[in-house]
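The values are calculated or read from the model by the stated rules, or taken from the named source; none is laboratory data. Keep in mind it's a predicted model, so treat the numbers as computed, not measured. Note that each Cβ is placed from the backbone with ideal geometry, even for glycine, and that neighbours are counted across all protein chains shown.
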Amino acid sequence: MAEKLEPAKVLYCGVCSLPAEYCEFGPDFARCKPWLIDNAPDLYPDLLKEANEKGVDNVSDKLQAVGISGADGAATSSSQTGGTSKKEEVKRLPGGKVKKKERQEVIIEKVVRNKRKCITIVKGLEGFGIKLSDASKKLGKKFATGASVVKGPTEKEQIDVQGDIIYDIVEFITDTWPDVPERSIFFIEDGKKVQAG
Amino acid sequence: MFKKFSLEEVSSQNQVKASVQRRIRQSIQEEYPGLETVLEDLLPKKSPLVVVKCPNHLTLVVVNNVPLFFCIRDGPYMPTLRLLHQYPNIMKRFQVDRGAIKFVFSGANIMCPGLTSPGGVLDEEVDTERPVAIYAEGKQHALAIGFTKMSAKDIKSINKGIGVDNMHYLNDGLWKMERLD
């Protein structure tokens, strides 16, 4: 047997570097999908179908919006089809569960420590890409009190600032980090009463 | 096994002398007769063979900055998954059912029920303490490389416990390291 073994050519996904058929187990299937549709359509034929359906939905949506007389009709139909096409973007964890979309909001809470003293808890800054350790330093400096990063009951971390600063803190956050819009800051008053900052 | 593996994990890199190189080639040749014809290309005599030592008694055989084989302690040399994808027929195959795939992807060892269930395929001839390639139900390419803890006959009869140790799997540290520079 003097036959020389030829190395098999394997198509590796450009996004996750796995063999294309294993992309669904890779770290981010949603990102692999557009690559897969272009390069390996035969492996995931349902993907192609999904993409086509989405395209059809969008087209019919536009037609409906134009054709239907009356603004009300157009608004409701477009919102309906908008809802279904968003389903594709939902990230699926390996167990089949759906990862909850992380909402970008800052929650400010006041907790009483002693009878006179209280602390202000700021949660959700990391959703805006803010480094919590830097933020806590700035907060402490500005308000001349102690501020620290603390691990909350879930895995999320929060900033504890000594004293009651909820009124000044909204202005401070929007000034220091202009990315944070005022409407995404919420106070907690007796259960999540969503009082917009 | 290679869950966390990066360039920092390497404790030493040595270019080996010809006698050691010959010994390595010989043991690989015995283990994988299917590779005989291509062994000249993979491990050329002239090209410097580098042996990389890592914690946990792990040795990597590297040619041209590309890791090709690895071995634990003095165990048999096992090919990296990238090499196995190119030459799929050099190792015996086991197949696990679909449900086990996601566990193997996080480095779990392969339990007997995964191999004996309807989606699994066992190669009867495989003995214990041998390297095998793990494939998945419905997939064309190897998923992982394992070291059998029980022979195929035992796996079938006892059907309990760990059947194959998962040594190297897709997207682990060694897979991500295509080149060592």
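Give me the residue from segment B:33-47 that is more than 9 Å from every other protein chain (Cβ to nearest Cβ) and in contact with a Lys or Arg (Cβ under 7 Å, 6 or more places away or on another chain) and, out of that set, farthest from residue B:17 (Cα to Cα). Restricting to residues being more than 9 Å from every other protein chain (Cβ to nearest Cβ) and in contact with a Lys or Arg (Cβ under 7 Å, 6 or more places away or on another chain), the top hit is B:39. For segment A:142-168, a residue qualifies if it is of a type in the set (A, V, I, L, M, F, W, C) and within 24 Å of the chain's Cα centre (by Cα), and the qualifying residues are A:149, A:150, A:159. Looking at residue B:60, is it touching a helix residue (DSSP H, G or I) at 6+ places or on another chain (Cβ under 6 Å) and either within 26 Å of residue B:164 (Cα to Cα) or assigned to a helix (DSSP H, G or I) (or both)? So residue B:60 does not fit the description; no. Scanning segment B:52-70 for residues that are surrounded by 18 or more Cβ atoms within 10 Å (Cβ to Cβ) and within 14 Å of another protein chain (Cβ to nearest Cβ) turns up just one, B:68. In segment A:26-41 there is at least one residue that is at pLDDT below 80 and in contact with a Gly (Cβ under 8 Å, 6 or more places away or on another chain). Applying the set (1) crowded, with 22+ Cβ neighbours inside 10 Å; (2) more than 14 Å from chain A (Cβ to nearest Cβ); (3) farther than 29 Å from residue B:51 by Cβ to residue B:110 leaves exactly one unmet item: (3). Here residue B:29 fulfils each of the conditions (1) touching an Asp or Glu at 6+ places or on another chain (Cβ under 8 Å); (2) away from chain A (no Cβ under 14 Å); (3) more than 21 Å from residue A:10 (Cα to Cα) apart from (2).
If we scan segment B:109-128, do we find a residue that is closer than 19 Å to residue B:83 by Cα and touching a helix residue (DSSP H, G or I) at 6+ places or on another chain (Cβ under 7 Å)?
From segment B:109-128, those closer than 19 Å to residue B:83 by Cα are none; that's our starting set.
Looking through segment B:109-128, none of the residues is closer than 19 Å to residue B:83 by Cα and touching a helix residue (DSSP H, G or I) at 6+ places or on another chain (Cβ under 7 Å).
Among what's in segment B:88-103 and is farther than 27 Å from residue B:33 by Cβ and not acidic (Asp, Glu), pick the residue that is surrounded by the fewest Cβ atoms within 10 Å (Cβ to Cβ). It would help to see each step written out before you state the result.
Looking only at segment B:88-103, we keep the residues that are farther than 27 Å from residue B:33 by Cβ, and these are B:97-103.
Cutting the leftovers down to not acidic (Asp, Glu) gives us B:98-103.
On the way: B:98: 14, B:99: 12, B:100: 23, B:101: 23, B:102: 15, B:103: 17.
Selected residue: B:99.
Residue B:83 meets the conditions (1) out of contact with any helix residue (DSSP H, G or I) (no Cβ under 7 Å at 6 or more places or on another chain); (2) buried (at least 18 other Cβ atoms within 10 Å of the Cβ); (3) assigned to a loop (DSSP other than H, G, I, E, B) in every case but one. The failed one is (3).
Considering every residue within segment A:42-62, establish whether at least one is modelled with pLDDT of 70 or more, surrounded by 15 or more Cβ atoms within 10 Å (Cβ to Cβ) and more than 24 Å from the chain's Cα centre (by Cα).
From segment A:42-62, those modelled with pLDDT of 70 or more are A:42; that's our starting set.
Those still in the list that are surrounded by 15 or more Cβ atoms within 10 Å (Cβ to Cβ) too: none.
There is no residue in segment A:42-62 that is modelled with pLDDT of 70 or more, surrounded by 15 or more Cβ atoms within 10 Å (Cβ to Cβ) and more than 24 Å from the chain's Cα centre (by Cα).
The single condition among (1) surrounded by 15 or more Cβ atoms within 10 Å (Cβ to Cβ); (2) within 24 Å of residue B:12 (Cβ to Cβ) that residue B:73 does not satisfy is (1).
In this structure, is residue B:102 over 27 Å from residue B:42 (Cβ atoms), outside any loop (DSSP other than H, G, I, E, B) and free of Cβ contacts under 8 Å to residues at least 12 places away in the same chain? Criteria met by residue B:102.
Looking only at residues of segment A:2-36 that are facing another protein chain (nearest Cβ under 9 Å), touching a strand residue (DSSP E or B) at 6+ places or on another chain (Cβ under 8 Å) and in a loop (DSSP other than H, G, I, E, B), we find that the one that is nearest to residue B:136 (Cα to Cα) is A:18. How many of the residues making up segment B:153-172 are more than 13 Å from chain A (Cβ to nearest Cβ) and either in contact (Cβ under 8 Å) with a residue 40 or more places away in the chain or under 19 Å from residue B:86 (Cβ atoms) (or both)? Total satisfying the criteria: 13.
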